[in-house]
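Okay, structure first, notes after.
The values are calculated or read from the model by the stated rules, or taken from the named source; none is laboratory data. Computed from a prediction, not measured in an experiment: that's the story for all the values here. With ideal geometry, Cβ positions are generated from the backbone for all residues, glycine too; neighbour counts draw on all protein chains shown.
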There are 2 protein chains.
Amino acid sequence: MKLDNLIGERFKERPSECAIDSHALMIRGGYMKYVANGIFSSYTPLKRITRKIEQIIREEMDAIDGQEVMFPVVLPASLWQKSGRYSSVGSELVRFLDRNKSPHLLAMTHEEAAVSLVREYGQSYAKYPFMVYQIQTKFRDEPRPRGGLIRVREFTMKDAYSFHVSYEDLNEYFKRCYTAYERIFARAGIPETVAISADSGMMGGKVSYEFVILTPVGEDSIAVCQNAGCGYRANVEAAESIVENSRDAVSQPLELVATPGMGTIEELCGFLNIRPEKSCKAVMYQKNADDSYVLAFIRGDLDINETKLANHLKCDVHPAALGEDSGLFAGYTGPYGLDLADSGLTVLFDGSLKGENNMATGANKSGYHYTGLDISRDIGEVEYFDLAKITDGGICPQCKKASIKLSRGIEVGHIFQLGTKYTESMEMTYLDASGQPKYPVMGCYGIGVGRLAAAICEASHDEYGPIWPVSVAPWQVHICAVRSDEEQVKTAADKLYSELSDRGIEVIYDDRNTSAGVMFSDADLLGVPLRAVISPRNLKEGCVEITGRDKKLSVKEPTESCAQVIADIIADMQKVTHT
Amino acid sequence: MKLDNLIGERFKERPSECAIDSHALMIRGGYMKYVANGIFSSYTPLKRITRKIEQIIREEMDAIDGQEVMFPVVLPASLWQKSGRYSSVGSELVRFLDRNKSPHLLAMTHEEAAVSLVREYGQSYAKYPFMVYQIQTKFRDEPRPRGGLIRVREFTMKDAYSFHVSYEDLNEYFKRCYTAYERIFARAGIPETVAISADSGMMGGKVSYEFVILTPVGEDSIAVCQNAGCGYRANVEAAESIVENSRDAVSQPLELVATPGMGTIEELCGFLNIRPEKSCKAVMYQKNADDSYVLAFIRGDLDINETKLANHLKCDVHPAALGEDSGLFAGYTGPYGLDLADSGLTVLFDGSLKGENNMATGANKSGYHYTGLDISRDIGEVEYFDLAKITDGGICPQCKKASIKLSRGIEVGHIFQLGTKYTESMEMTYLDASGQPKYPVMGCYGIGVGRLAAAICEASHDEYGPIWPVSVAPWQVHICAVRSDEEQVKTAADKLYSELSDRGIEVIYDDRNTSAGVMFSDADLLGVPLRAVISPRNLKEGCVEITGRDKKLSVKEPTESCAQVIADIIADMQKVTHT
């Protein structure tokens, strides 16, 4: 098509609200437009990119025997009530009443809908394994949308659900899907994607991997072991926190100390002149389901990993708003002398406190702390859980060396072993070979299409624009007719446009009567892999200039043969991304 | 793919909830599954059909210079507040508050979003005309979903929006789009679609056409003029009602008559022994916006067309729930002696009452009517509007003959001339050649993808299943290996399957060890255009039996050449639907 007709505005200035390059370039290049917080419209270039990504995903899902289906965006609440997610998922789930006051929701994922779709088909073991997938719009009411298409509220996602008669079979299929994901990301032009252990979040499964592009602008924190022989990589949300405590030889007696105005760990430790490691911090939450309080104790230098906490509680939480009725004192809560009678309070201890003594902690009385706390002596036997965030320089859960480095990345895919969580709660069974009813084991597999487009842009751009891999580029060739007002230029450019189009090559054709500078900066913003420049100067030499958007190629070809040369270069580029 | 692996259940019994054949066949054939009222999931066969329909639509929209974009499903209320539709559209619009209590909605159409997307691009007259379209999931909270995919709450729709500098230009483009629609329906295998004048509904435009398949099971009422020379066709919602009244020579005096328990027109006319044409009926509504009452008077034998009423009021209405405060008496309301002071009541008269005398009507007093009403004498000058439904045998608005016949049809597409309704309300302007700001003129163009699939099935099926046109069929060839337990059969069928697949033909392959009866009834339900039967009997003759799903073709071909013969037949079939 002609660039002159392409709807969308391109401009030079980086919009101030864009924190990352892909967001800035996709706004500047006329790829998308802000509609509301975390909600965008796509112009044609982005639509063409996402359609190509979707087709790559579709082919690879079909290649591992997936069957494309379509689930509804709007689901009746009853489906999610059955699985328990209607109440366990927080305010990221949009709930509404329809005109008959019947509760509905905007589905963020479709485990329940998938179980419901295949339950009759999957009544006999002989039908297993099988997988269904869809590519569809989803809405998740994110608290903090950001980074353009990286974290949005409305997005297009490929979500797939597999069903198996055993964990062994799921493991086998999981490997096939893992490999299909590697092929998808390689074909989409980002072969350097790494897979990391991840938290399963509200999906509720056990084994799960994220596919991540490591980049400083990524919003995911990733714990990477620096020990060359180890290779441990995990999302910080999922990484086990290992803390080695050194108990003091002598336990001091418990002592009440007046600490007026020392409500934070920093203030307290400064006042008492102790290291934060010798303090026991109370972090307070409320369960989303019933607003009951959750009190998590952790060593003062560490932070609570809310994902681990929510997983442990099997319920989302939010930071507590302490009411008068709570019996808790912000800044002065501690495990000793805590009145738990009838409070409905959940109290948890992080493993970092295990075996500790001589700790400072709140005295459950405004303006007072205790020193000399020895949990086993003063509180008695308590159970410890892993609730802490892994730290930079922390201990690797795999090789046990203090070799953890925190990096950042963008999650572009996620695969989960769900087990029987959904088939049990929704009572889907099959009869095994001996006629016994069993719950199928499930896996689920997601890829965010728009986020993948943004991640490709993050991984492949320069200051002037995206450098799209040919497999996902909105067009394959960008013709610039410089000085199209000269008849010779216009004729040659028109001819090349039709020759390339006849060969089935996707061409964006700039025949505007504008400066070469404007043309080239627009071409940079559209990021099409090959550029063909026809200008009076080139024509004088009887040539067309062909350059790669990645600057690796720059050749002049005779006008007569250049259509064929371009077709050959495109074919070569496609070979690279298709293997 | 192998039929044995196809997820979804096929069965013989017609589900009792299915009123129309396409619904029954698509449930029986494993095309879709009920999720909630008006909400379905699609299995792979339907997904393959809709993807093909979408591709046909996409090609034809591209051919009239459309640019594919994507608007959000969830829109901020502010966009629709700007256009006024946030309050003017009734409860079919799903509204919800996001986590920050900000009002949002599920968009049913995207006029506002389209204006918002292109307003910067369209600042100069030189950029016009242009058109954007999308293919996307939509949700409309229909009061009465029915007919399977014919009237659902969640659906996939192609919606397109064109922008012009003049009505002349819109008219030109409208013709191109009209032709593109004809091509789409022809390519999808239903060339007999007819275009009819339609109501623009909440779109707010003036000229609009529906593309309709005439079928007795259709849910739209269509007025068709039987006068051969006329050709008038219109949706009943839009058809002008023309009524010729014959005023009696002598007006009787107004007389109060006790009519206890005669609250309906039938009862009243029976009691007074008059024809319904001599009664004046009151029909009461409330405006959705503020619940204020609307009182429409109409001749007793006619019905109010709620669409015309809503268009006249520029606001949706619902049948009134008469409160004590209304001052209205159900069954006894009439235009004479009606106390209108401070009531906020809107009173309207349908054209069918114009010039009438000697009418019976309610006396605004429970149990009493007046006879002898002469509106011009007793009420004075009132304005009459066209609010009545056109009737079977009624007068054609075009040729003025009493030749209207009411038929039924399924609307599969709708094109509207929106004019400047949205560009004015949303303040989108361009500068014309003389530098003056002007409002662009818009058109909009919809096709429901799922409804089109159902309509194709309605237009093309027999009692055993759908007969899909090759252009949209889920597969092109259905191989039945009868007695696949016999090695010779299995070998020949496997070979044909791979030969056809190698030729790029889409094959569903039934190699189950089941009876020919089960195989053939499943094949009928899947409705694939060509069937290749390999059986011991056929192989004895060295042949494969090739039959068309439409029963028009039945040949036996030697096994060696049959792959080529099938490929040739498919190519011929494709030629028919592609021209």
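Taken as a whole, the structure leaves A:S484 outside the set of residues that are over 27 Å from A:I27 (Cβ atoms), of a type in the set (G, A, S) and surrounded by fewer than 17 Cβ atoms within 10 Å (Cβ to Cβ).
Taken over region A:276-293, the criterion of being hydrophobic (A, V, I, L, M, F, W, C) and part of a loop (DSSP other than H, G, I, E, B) is satisfied by A:A289 alone.
Among the strands (runs of 3 or more DSSP E) confined to region A:461-579, the ones with at least 1 residues that are of a type in the set (D, E) are located at A:507-510, A:543-548, A:554-558. Selection of region B:113-136 for residues being surrounded by fewer than 23 Cβ atoms within 10 Å (Cβ to Cβ) and either more than 9 Å from chain A (Cβ to nearest Cβ) or free of Cβ contacts under 8 Å to residues at least 24 places away in the same chain (or both) yields B:R119, B:E120, B:Y121, B:Q123, B:S124, B:Y125, B:A126, B:Y128, B:P129, B:I135.
Once region A:149-171 is narrowed to residues that are within 13 Å of the chain's Cα centre (by Cα) and outside any strand (DSSP E or B), the residue that is nearest to the other protein chains (Cβ to nearest Cβ) is A:R153. Would you please name the residue that is surrounded by the fewest Cβ atoms within 10 Å (Cβ to Cβ), looking only at residues in region B:16-56 that are in contact with a Lys or Arg (Cβ under 8 Å, 6 or more places away or on another chain) and within 22 Å of B:I479 (Cα to Cα)? Top of the filtered list is B:R28.
Kindly check whether there is at least one residue in region B:1-15 that is surrounded by 19 or more Cβ atoms within 10 Å (Cβ to Cβ), more than 10 Å from chain A (Cβ to nearest Cβ) and not in a loop (DSSP other than H, G, I, E, B). Yes. Does region B:509-519 contain any residue that is modelled with pLDDT of 95 or more, buried (at least 23 other Cβ atoms within 10 Å of the Cβ), touching a strand residue (DSSP E or B) at 6+ places or on another chain (Cβ under 9 Å) and within 23 Å of B:R183 (Cβ to Cβ)? No, that holds for no residue. Every test in (1) in contact (Cβ under 8 Å) with a residue 24 or more places away in the chain; (2) touching a strand residue (DSSP E or B) at 6+ places or on another chain (Cβ under 7 Å) is passed by B:D301 save one, and that test is (2). Applying a threshold of 6 Å to beta carbon distances and a minimum spacing of six or more residues, or different chains, the list of pairs starting in region B:16-42 at a residue that is farther than 18 Å from B:D462 by Cα and ending at one that is modelled with pLDDT of 95 or more and part of a helix (DSSP H, G or I) reads B:M32/B:M26; B:M32/B:L46; B:K33/A:L117; B:S41/A:L117. When region A:66-110 is limited to residues that are acidic (D, E) and closer than 25 Å to A:K158 by Cβ, the one that is farthest from the other protein chains (Cβ to nearest Cβ) turns out to be A:E92. The strands (runs of 3 or more DSSP E) found wholly in region A:57-103 and carrying at least 2 residues that are in contact (Cβ under 8 Å) with a residue 60 or more places away in the chain and surrounded by 19 or more Cβ atoms within 10 Å (Cβ to Cβ) occupy A:66-68. Taken together, the criteria place B:V441 among residues that are touching a residue at least 40 places away in the same chain (Cβ under 8 Å), of a type in the set (A, V, I, L, M, F, W, C) and surrounded by 24 or more Cβ atoms within 10 Å (Cβ to Cβ). Applying the set (1) of a type in the set (S, T, N, Q); (2) surrounded by fewer than 18 Cβ atoms within 10 Å (Cβ to Cβ); (3) more than 18 Å from A:G334 (Cα to Cα) to A:S197 leaves exactly one unmet item: (2).
If you go through region B:16-39 and keep only what is among the small types (G, A, S), more than 8 Å from every other protein chain (Cβ to nearest Cβ) and outside any loop (DSSP other than H, G, I, E, B), you end up with B:S22, B:A24.
Could we say that B:R549 is touching a residue at least 40 places away in the same chain (Cβ under 8 Å) and touching a Gly at 6+ places or on another chain (Cβ under 8 Å) here? When the stated conditions are applied, B:R549 passes them.
Does region B:258-270 contain at least one residue that is under 23 Å from B:T307 (Cβ atoms) and surrounded by 20 or more Cβ atoms within 10 Å (Cβ to Cβ)? The answer is no; no qualifying residue exists. I'd like to check something: does region B:125-143 contain any residue that is in contact with a strand residue (DSSP E or B) (Cβ under 8 Å, 6 or more places away or on another chain), modelled with pLDDT under 95, part of a helix (DSSP H, G or I) and more than 28 Å from A:I135 (Cα to Cα)? No, there is no match, as no residue in region B:125-143 is in contact with a strand residue (DSSP E or B) (Cβ under 8 Å, 6 or more places away or on another chain), modelled with pLDDT under 95, part of a helix (DSSP H, G or I) and more than 28 Å from A:I135 (Cα to Cα).
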